[in-house]
Structure formats: structure tokens, C-alpha cells
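Input: a single structure, listed below in C-alpha cells.
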Amino acid sequence: MGKFAFIFHPHDVESLGDWVFSEPNLKKKRRHLIERALRWIPPLKRESVTGLQSLTGKKANGEMILLPLVPEQIVKMDSGFILQKLIRAGRIAQDLGCNIVGLGAYAAWVGKRGVLVAKELNIPVTTGTSYTIEIVVQAVLKAANDVGIEIDKAKVSIIGATGLIGSICSVILAEKVPYLTLMARNKIKMRKLADSIIQQNKKKTIIKITDNLKESLSQSDIMVVVTSVPFALIKVEDLNPGTIVCDISLPHNVSPEKAASRRDVLVIDGGVVNPPGKVDLHFNFGLAPGLVYACMAETMILALEEKYEYACIGGKVSLAKVRAISKFAVKHGFKLAQFRSFGKKVSIGQIEEVKKARRGKK
Ligand SMILES: NC(=O)c1ccc[n+]([C@@H]2O[C@H](COP(=O)([O-])OP(=O)(O)OC[C@H]3O[C@@H](n4cnc5c(N)ncnc54)[C@H](OP(=O)(O)O)[C@@H]3O)[C@@H](O)[C@H]2O)c1
């Protein structure tokens, strides 16, 4: 039986309270004291994952290893310190007999995106990027279909387009939609990406680049949000009625409080996967029971398939790897999860409101 580990960190002080200490009032405590305490807490095994069973009958178990740091700390603190802490977490996975370890959310950026961590371990490391890309594309196509957007007429924007996930999603989506807007802050990188997409593109897709977030929010049918920003970057008040936002970023880039005021737009929690079997994490990971993030799903897929050469580390992802992981995912029974918005199932009523808003625009 395969065995995997997944290294995760809380998305914020609130999830630290919910996921780790079962203390919902933690967010009311002083943040700087919590962050100072986290510096000295070593990584630890949070729980074991049970119930993963492939359609082929094969099973794998897992371990959830906590990297006790919030995103702001991973970004701002001394990179050597963070790397050592992550290696320690990886060694816990190794000592527990895991065959592969996945790095979740901001842990995936540490040590040249897993390369330096992998050097210190005897087991493969994956960042989950390939399967996340596949799931983003599936989510965009399904969401468009659900609200009646014809994909071959759709205007799609990718916020964080030059990132590892955003850039490959842009390449794939450019083959499916007629208008694609690439949005990030660095225009030189965007120009380079746009040029390379245009060179490969088999359709006459119109590719636009912009560093103006407000402009892209108001001009799209579907937005894919996939940035490295650990806060609510998207201002829902700037969205056009009938827009779909697929928020892949972890922590998410749309605030639930603000989105609640816009019944005419649909914000989907992106990158969520339904794995095969009866997967149980045995603790509250902020997702509905049985669901996992795409990056974690990639770790599970590789543990079932035992093809560790498809693990994804470093600053490049190939389309070939995305396709291979997607094929393994289908074989083992991993699926895009039913859409949720801020953790709650998207209802038929919500879809109807977005459809109505779209009809009103025409
Ligand atoms: N749901 C899942 O299963 C899953 C799996 C893996 C990763 N993720 C999440 O996906 C996100 C992206 O990951 P990645 O590895 O692709 O990140 P990345 O390579 O670092 O790319 C980040 C992108 O965001 C852009 N960006 C940064 N600040 C911005 C701002 N203020 N406004 C607009 N764009 C900005 C960057 O370009 P500029 O610097 O030029 O602005 C870049 O294009 C992360 O939040 C990660 O946690 C989710």
C-alpha cells in the first residue's frame, strides 16, 4: 500500500485556531504574540488520512504534517529558517514511512519550489502544481457551461497570469476562448508570456495584457484568480453582473463578507477535488468532509500510481506532465468537486441568479 504525506500550514490565525488548536477564539488574541509563538513550535504530525481507495482497488494512507507558520511569515521571515523548518517537516514524513511528500500552498514556494527540500530527503517531493492546473481548466469549463456561457465566445481573465499555475492555465485556455486577458504587476513578464502564447496558439485568440486589476475585473465573463497575495485582492464591487470568479489562491483572494453583497456574481472556491474512496482527514481542514485541495490530490495520485518521476518541483511545469497526471487522476477516480462558494455548496438558485444577471446584460 502506498503512503503519502502532505505538509500544510494555516491560511491565517483564524484557521490556525480551527485546524490546529480547536480554539475558534484565537483570532481575538494578539496577532504578533501568536506569530512569535509559532516561530518556536516545531512541525508536527496533525492526523493520519484514511479511506483513499482508487477505482482500481488500490489503497493509500497518508499523514498530515503541520508546518506551524502563517503565509505572511513564510513570505517575510528568513528563508533559511523557513527552509530548515520545512525540511524538518519532510523528515517527519520520511520517518513515518511515507513514499512521497506534497507541499501545500505557501510551503510549495520554499527552497526553490521544493528543490532544496527534495535534496535533503530520501523521498520524492511534489508541489501539486500539475494537477492544480488541470483542475483550474476543468472548473472554468464546467462553470461556463453551468451558467450558459458559450466558452468559444467567452472573455476570460487570469489574475496572476505569469505565475507557475497562471501561465500554463493561460496557454491551455488560450486554445479554448476567443478573448484572454493576462493580469499581473510585471508587464515585461506578461508581454513575454503573451508572445509565447501567440506563437503556440492555434486559434486567433485575442490576448490582452494589463497591470490594471480594476479594468480586468469589469471586463470578463470568467476570472481565474491565482496570485501569491495572501489577502482579499479582488474587489467584488468592481465585478460585472453575471461574472464567475474561480478563486484558486490559497489563502483565497475574495472576501466572503464582501461577496455576500453580490448575488449576481458567482465566486467558486477553486482547486477543490473529490478523491476516490471515503477519505477522512480526521480534523477540520476547512473543506467539506471527503474533499481535498488539488495540490494534495496530486500527492495522493502519485502515491497510488507510484510513478514518482511525475512529481513536480522547481519553477517549470510541462504540459506533458499536466496531461500525464490528469490521466492518472481519471484512472484512479479523482474528480473536480461539486462547486462550493466559501465552503457552502453552490445552489441551483445561485446559478439562476447569475444566469438572470447575464440575461439582463444582453
Ligand atoms: N487550490 C489548490 O490546490 C492550489 C494548489 C497550488 C497552489 N495554489 C495557490 O495558487 C496560487 C498561485 O500559485 P503559483 O505557484 O502559481 O504562484 P506564483 O508562481 O508565485 O505566481 C503568482 C502570480 O501572482 C502575481 N501577483 C503577485 N502579486 C500580485 C498583485 N498584487 N496583483 C496581481 N497579481 C499579483 C504574480 O505576478 P507579479 O508579481 O508580476 O504581480 C504572479 O503572476 C497561490 O495562492 C497558491 O497557494 C492553490
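The values are calculated or read from the model by the stated rules, or taken from the named source; none is laboratory data. The structure displayed is predicted, hence computed values, not measured ones. Cβ: placed from backbone, ideal geometry, glycine included. Neighbour counts: every protein chain shown.
List of remarks:
- Conditions (1) β-branched (Val, Ile, Thr); (2) in the same structural domain as residue 153 (by TED's automatic domain parsing); (3) not in a helix (DSSP H, G or I): number failed by residue 65: (2)
- For the criterion of being touching a strand residue (DSSP E or B) at 6+ places or on another chain (Cβ under 7 Å), buried (at least 16 other Cβ atoms within 10 Å of the Cβ) and among the acidic types (Asp, Glu), residue 298 passes.
- Consider the stretch 247-278 and keep the residues that are in contact with a helix residue (DSSP H, G or I) (Cβ under 8 Å, 6 or more places away or on another chain) and near the ligand (Cβ under 10 Å from one of its atoms). The one that is nearest to residue 330 (Cα to Cα) is 273.
- First in the stretch 306-320 and on the phi > 0 side of the Ramachandran plot and assigned to a loop (DSSP other than H, G, I, E, B), second anywhere and surrounded by 12 or more Cβ atoms within 10 Å (Cβ to Cβ) and of a type in the set (Phe, Trp, Tyr), Cβ under 9 Å, 6 or more apart: none
- Restricting 227, 205 to residues that are β-branched (Val, Ile, Thr), closer than 20 Å to residue 272 by Cβ and out of contact with any Phe, Trp or Tyr (no Cβ under 6 Å at 6 or more places or on another chain) narrows the list to 227.
- Filtered by the rule that a residue be assigned to a helix (DSSP H, G or I), over 12 Å from the mean Cα position of the chain (by Cα) and within 11 Å of the ligand (Cβ to nearest atom), the stretch 141-164 gives no residues.
- Residue in the stretch 170-193 that is closer than 22 Å to residue 272 by Cα and buried (at least 20 other Cβ atoms within 10 Å of the Cβ) present: yes
- Residue in the stretch 324-333 that is of a type in the set (Val, Ile, Thr) and part of a helix (DSSP H, G or I) present: yes
- Answer from 33, 55, 38, 26 - the residue that is of a type in the set (A, V, I, L, M, F, W, C), outside any strand (DSSP E or B), in the same structural domain as residue 94 (by TED's automatic domain parsing) and at pLDDT 90 or above: 55
- For the criterion of being touching a residue at least 40 places away in the same chain (Cβ under 8 Å) and surrounded by fewer than 21 Cβ atoms within 10 Å (Cβ to Cβ), residue 293 fails.
- So residue 238, is it within 14 Å of the ligand (Cβ to nearest atom), under 28 Å from residue 181 (Cα atoms), surrounded by fewer than 17 Cβ atoms within 10 Å (Cβ to Cβ) and outside the structural domain of residue 50 (by TED's automatic domain parsing): yes
- Flag for residue 302 being within 15 Å of the ligand (Cβ to nearest atom) and in a loop (DSSP other than H, G, I, E, B): no
- Whichever residue in the stretch 74-87 is touching a Leu at 6+ places or on another chain (Cβ under 9 Å) and in a helix (DSSP H, G or I) and, among such residues, is surrounded by the fewest Cβ atoms within 10 Å (Cβ to Cβ): 83
- Restricting the stretch 172-224 to residues that are part of a helix (DSSP H, G or I) and in contact (Cβ under 8 Å) with a residue 40 or more places away in the chain, the residue that is nearest to the ligand (Cβ to nearest atom): 213
- The residues in the stretch 98-109 that are buried (at least 24 other Cβ atoms within 10 Å of the Cβ) and more than 10 Å from the ligand (Cβ to nearest atom) can be counted, and the count is 3.
This table checks each residue for (1) among the aromatic types (Phe, Trp, Tyr); (2) touching a residue at least 40 places away in the same chain (Cβ under 8 Å); (3) not in a helix (DSSP H, G or I).
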site: 116; (1), (2), (3): no, no, no
site: 131; (1), (2), (3): yes, yes, no
site: 139; (1), (2), (3): no, yes, no
site: 166; (1), (2), (3): no, yes, no
site: 170; (1), (2), (3): no, no, no
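- Enumeration of residues in the stretch 268-282 that are more than 17 Å from residue 140 (Cα to Cα) and either in a strand (DSSP E or B) or acidic (Asp, Glu) (or both): 277, 278, 279, 280
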